[in-house]
Amino acid sequence: MFSVKRKQFLIFFVPSLIVLAVTVIYPLVYSLIMSFTNASLKKQGFGEFIGLDNYIKAFKDTYFIDSGWNTIVFTVIVVTLEFLFGLAVALLLNRIKRGKKIFFTIIIVPMLITPVAVGLIWRLLLHPDLGIVNYLLGLIGVEGQAWLGDAKLAMMTVVLVDIWHQLPFMILLLLAGLVSLPGEPYEAATIDGAGRFQTFLHVTLPLMKETIVVAVLFRVITAIKTYDLIYVLTKGGPGTTTEVISYHIYKQAYTFLNTGYSSAMSYLLLIVIMLISTLFVRVSRGKPQPR
């Protein structure tokens, strides 16, 4: 006979495990097997086993390599600027005593909008002829630009839109870390005569280390996987100047119908994300020691 605890375990855990296996584990295993085949939606069947050919092909594919560089540029710029602006805003909000709820509500509004809606909104705002951005620039005598149609401006425009959308997330995480900091180190720093910058550098940042690592890791992963915003704003254009890895994988799977090859690229992306996550976890180990 099963004990009461074992029955509860079976009742609550087993159904969850089944759902997890069906929705997560099975697709992962299926796509992994497919990555070693020449599977394609152009033909019936699972495809023939071709070993590591898809993975080797990816490293020789100039479009895949270019999309990788675009992803690196996009991720580095986005995460760096969001962290710097997010930390600055979080520090300001942490010092505000009155009206904090009002500022807080205004700041988190962009985060509540879905990426597809954000893309559609900014496509209208940045339209070269009908957009309000070029109209406002015209009022002050500045010539309007084809923000999403110019190869020199498209990537930075997408970056700015993503920052507008995702910055509140960074602010929330960093502000939560600031609010939870103990007061004793700050009191000790004040007694020692430390200034604001010294206190920030030697007390706040070390104590915020784990929060910063988590916030940056989340944004790095989501930035690497960015797809919907790119799809709505530029579809990887003009040319391939804004084509990131996720969108390139989508094109291979649903435009060129190469499901085996796209599965291999997806697993290469997964490996990169796992390596980055491992690196961040190792960096965050150890308790901060404020000086």
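The values are calculated or read from the model by the stated rules, or taken from the named source; none is laboratory data. Bear in mind the structure is a predicted one, so any value in this text is a computation, not a measurement. Using ideal geometry, Cβ is built from the backbone for each residue, glycine included, and neighbour counts are taken over all protein chains shown. Note: accessible area is taken over every heavy atom of the protein model, side chains too, but ligands, DNA and RNA are not part of it. Shrake-Rupley method; radii C 1.70, N 1.55, O 1.52, S 1.80 Å.
Here are the numbers for this structure:
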item: Label corresponding to Cα extents along the principal axes in Å when calculated from the structure given, among [x] 74, 48, 46; [y] 79, 73, 34; [z] 64, 50, 32; result: [y]
item: Length-normalised contact order of the chain in % [C-alpha pairs under 8 Å, at least 6 apart]; result: 29
item: In sequence order, calculated HN-Hα J values of the range 183-188 (Karplus, 6.51, -1.76, 1.60; Hz; x Gly/Pro); result: x, 4, x, 5, 5, 5
item: Net charge of Cβ neighbours under 14 Å - reference MET155; Lys, Arg +1; Asp, Glu -1; result: -2
item: In Hz, Karplus ³J(HN,Hα) per residue of the range 161-178 (6.51, -1.76, 1.60; θ = phi - 60°; x = Gly, Pro); result: 5, 5, 4, 4, 7, 9, 4, x, 4, 5, 4, 4, 5, 5, 5, 4, x, 5
item: Probe 1.4 Å, accessible area per residue of the chain, Å²; result: 62
item: Of ILE96, PRO168, ILE276, farthest towards positive along the dipole that unit charges on Lys, Arg, Asp, Glu beta carbons give the chain; result: ILE96
item: Sum of side-chain charges, TYR63 neighbourhood, beta-carbon under 12 Å (Lys, Arg +1; Asp, Glu -1); result: 0
item: Amide H contacts under 5 Å for THR37, placed H, 5+ residues apart; result: ILE50
item: Charged-residue dipole, Cβ positions (Lys, Arg, Asp, Glu), the range 131-260 about Cα centre, Debye nearest 20; result: 360
item: Most mobile of PRO110, PRO168, PRO206 in a GNM of the chain (Cα contacts under 10 Å); result: PRO206
item: Within the accessible area of the chain (1.4 Å probe), percent carbon and sulfur; result: 70
